[in-house]
Structure formats: structure tokens, C-alpha cells
Amino acid sequence: MSLCRGPVFLFSRGTPLRLHLRTLRTNFQGLRGHQRQIFNFARKSKHATKPEHDEDELFHPFSKSPFPAVKARGEAIRSLAPCPVCSSDHASHDGTEKNPSGVKFECPDCGWPTHCSREHWEMDRDHAKFCSRLREVNEDEHDLRSGRRMHEFELPGPQAYEEAVSFANWDLFWYTRGFSSMDTERSRRHASKLLTYPITIGSVLHQNSGLTLNNRRVTPEGSRSLAALRTTLHVAPGAPDTEEAGVAKPQVRIFILGARAESSLPPHVWEQLCMLFPSCHFHLYFIGPQVSLPRLRDNLGSQARQAAHSPQDSLPPEQINSEQEKPPLYVPNVYEPPTPKPIARLKRTRSSLKLYGVPSYTVPYSPQLTITGMQANYTEVHSQFQDTLDPYTDLFFLFSPGFGFPSPSSTSELDGKPCLQITSPTEWGPVVPALLATRCAVFITGFSPADIERDVRSLHQAPDVADEFDWVITPGENPFGSEKWEVADFDPRVMVKTNWGLWGIRGKGREVQTNH
């Protein structure tokens, strides 16, 4: 099948009828939700809502933002971030250390609290490197709250089986999947941040993946692992890849370990993964201490959850309810991301506490998608899966696990310094060897080139991991990473992009030779 890469004009000479029909369908989807103004020009649309803020007036200093959450973030940055000019001069001539001042002055160009005073802001020539990015993030945050119709978040439905999807980059993916046109860079940033988690998974597993042996992103060992998974994910060549074709196929289980923000995505966003594999049945497992659980229905459920998380099970229901009714406007992101807010409870949501023995839930969202969340470390539930894991149907994803970061809770027995998280017994230390023992593919992302390098180097420092794995995907850039900059509250100069890079490993194979 050939895909037209140039502009498509309706009813132009030589244009295939399929493209005419597809363009009409795309235009119709873009107009869905609006009344037909051609025939109702004198009648106002009931669905039309006027944005609370003009798109041309998105820039606001944090302290003067019309949104309380943005104001609260500015206050958090003032309490956490040091002035970069003071920090560079914090060591005095006599060798004594001075505490740098906090950021109290807001840059008039980007609106972020960046320095302790206007004088230091004028002295700092390095701020120009970050100012344009900070202003971009400022406007994006206000745009999300502006009240305009977010056409970037209007997701397409099922893909026709004769229409191929391209995984070369975001632009070709959006076009071949029938998304609304991303006319601005801001729309691209919003859409890529929303879709980076499910589409990163889909771009790795799909048979049209841009990660191949030819571009050396996939190794020979990795091609065998991916081929095993694709025998389950796709139908036989020539057969229609439809929902009916997957009746007799086994379920594909994707274990997302250390899940945080991805566990709070609405299920219809994860359903986009199912649209890429129409004949496949997915079961997503979000496992980690920061997994977002559904909202509780009553006081009894609230007390049960409090008892499961902390020994303070004697709190009265009135105190628990008062704490839940007044959540903080903004929780700062300091080294360790905060636990996402509780997600919405859907009609078929049910508790899985008795099944897994940890705070958990299961949602059979659609015939093709089931979601389970467990608020626990993977080591607590690995024994329930280890005997059933199959490289043909199971895989693991770890989004920015931080293998190479120092552990906040474990220290080395040799020098007393914090050990790496990949060797920490309370974090990834026992998890990664257990994953390699299953021989299932393990895919890892990172938020920057330095983060990817740091995590890869840490593999060789873990005694039970070094020389015990084969490469599936070599480290490199992820074409479906988020294009939106994420700014650290403890230092606005620290900016990363979610899922910037991608790599994958599996347990090393051992060939057994027998002498006859």
C-alpha cells in the first residue's frame, strides 16, 4: 500500500477515491460536536463555549496567574529553588559556606521565579538559555486551563484494517491514524505529552515499528524477542486484523513497573493502544508504590485504605474526610514525583485486594482492554506471576525508573554512601534480576541523554545484572517521546522531556550442548 505524503485536494484529477473518502471522513470527524452552521447561521450552537481566556493572552507571571494551581506552583518554587547567582558565589573567600537566597524575583520575560532580586537577574547572562523554554511552559500551562476546546485531545476511533499506520514520527503517526491536524507547536506538545506512554509501547511492539535491524536499533536477539511477541499481537499475513480474528488468541499482559503519572491516564487514552492491534486483548498492570487508585465511595473504604497504607488506622472518619476534602492545590516535584491524585471510579471498577493481597483495583474497560493497578512494590506480587510469564505474551515497561540515581533509603556496606537504586534492596535491586530470569523483554525509557547513559552504566555495577542480559533495543532517542519541557520545581533551569530515550534488554540465553 502506498501512502500519499503530499497535500490532498478534494476531487483533484488522478486522486484515488480512497483518499477522497478518507479526507471526507477526517473532515467530518473534525467537525463532530459542532452544529451545521451553514444551515443554522442564525442559530447559536448549544455546544459552543467561549474560552475563559484569550489564546493571545496566555502569558502571566506566576504570582499574577488567574489560576490558583499556577500561583501555588510559583509559591512552591520560591520556597525550594535557590538563586543561581547566589549559588555560584555561595563559597566565600575564607572557605565558609553561605546559604544561597531563594528566588523571589519573577523574570518579566518568562514569568517564572528565577532570582533573588532584579539585580541578580540582570547579572545572570546564562538565564537567556532557559528563558524562551520557560515562557513556552508558562503559556502551555495557562493554555491547558484557558477553557478552549482542546481538539488535540479528541482521539480517533478504530483503524480500518486496510489502512496502515506509520511509526516514523509523530507527524506521520497522527496523519495515518486520522488525528485532527496539529496546526501549532503548542498542540503538538499537548498531544505528545498525553499519548507518549501508550504510543511508545505501540511503536515498539508493532510490526511497522521504526526500530529495526537496518537502523541498528534492534539487535538480532531483540528481533527474536519481538518476533515472538508479534506472533500474538498480529494475525497471519493476508488475514484481516479485526476483533473477530482475536477470539482464540491469548491475552497479552504488559506490566508497567514503578508506574506514576501513567497510572492516572484515562482508560480511553490507553485504548489507543488497542486501536493499533485490533485483534489483540491487552491486560495492563500498573505496579508501584505511587500508583493512583480509584476514588473511594464511602467512609468504610476510606478507613480500609488508610489501614492498608499506614498504621494510623485509629483516625476518626471525620478527620479522614476533612483531609480528603481539602487536597493541596499543587504538590511540588522534588526529586521524587508525587503520587497522582485518585482516578475516577468507572462503572465496572472492582477491588482486587483479596486477589493480590495489596491495595489494588481492576477495570474491564472494553472487550480488548483490562486495567489493573496495584499500589505496592513489584517484589510483593512477583510470586503470583512468575510461574505464568511467557516471552510470547508478556513484557515489562519501566518508564524513567532511575536505575543510576542514588537510593534515598539504602547505603553501601563498604563506604556508607547511598547505593544506586538498581542495587538497593528496597528498590530495583531484587526486581531487575527477577525480570531477567523470566526471559521476557524489558523496555526502559529515560528523560534525557544523560539519564539514559546513567541508567545503562548502572547495569554494569549491579552484581546480579551485569553480564546477565542481552540487548533487545540499543539505547537511543524515542521518536514518540513527549515534546513538552518538564521543569523541576527545585531548580527551573533543570528541564527534561518525558520518555526522551528508549532501550530494551532481556535475560541472557544459555545454549546447552550435549556430547553424543
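The values are calculated or read from the model by the stated rules, or taken from the named source; none is laboratory data. Nothing here was measured: the structure is a model prediction, and the numbers come from that model. Glycine also receives a Cβ, built like all others from the backbone with ideal geometry; neighbour counts cover every protein chain displayed. These area figures cover heavy atoms from the full protein model, side chains too; ligands, DNA and RNA do not enter into them. Shrake-Rupley method; radii C 1.70, N 1.55, O 1.52, S 1.80 Å.
Side notes on the structure shown:
- Its convex hull of Cα atoms gives region 96-184 a direction-averaged projected area, equal to a quarter of the hull surface, of 10.0 nm².
- Averaged over residues, the count of other Cβ atoms within 10 Å places the peptides 249-262, 170-183 in the sequence 249-262, 170-183, highest first.
- Approximate spin-label separation Ser132-Arg145, in nm, with each point projected 7 Å along Cα-to-Cβ: 2.7 nm
- At q = 0.16 Å⁻¹, base-10 log of I(q)/I(0) for region 331-457 (Debye sum, equal scatterers on each alpha carbon): -1.06
- The gain in end-to-end length when the His460 to Ala239 segment is fully stretched comes to 75.1 nm, 0.36 nm per residue minus the alpha carbon separation.
- At an R0 of 45 angstrom, the distance between the Cβ atoms of Ser117 and Glu185 translates into a FRET efficiency of 0.85.
- Per-residue surface analysis assigns Val269 an accessible area of about 0 Å², computed on protein heavy atoms at 1.4 Å probe radius.
- Remark: the Asp387-Ala344 segment gains 12.2 nm on full extension, using 0.36 nm per residue and subtracting the alpha carbon distance.
- Counted residue by residue at 0.36 nm each, then reduced by the alpha carbon distance between them, the extension gain from Glu163 to Arg224 reaches 19.3 nm.
- Taken about its Cα centre, region 204-303 carries a charge dipole of roughly 340 debye when the Cβ of each Lys and Arg holds +1 and the Cβ of each Asp and Glu holds -1.
- Kirkwood hydrodynamic radius over Cα pairs of region 104-149, then Stokes diffusion coefficient at 20 °C and 1.002 mPa s, in µm²/s: 188 µm²/s
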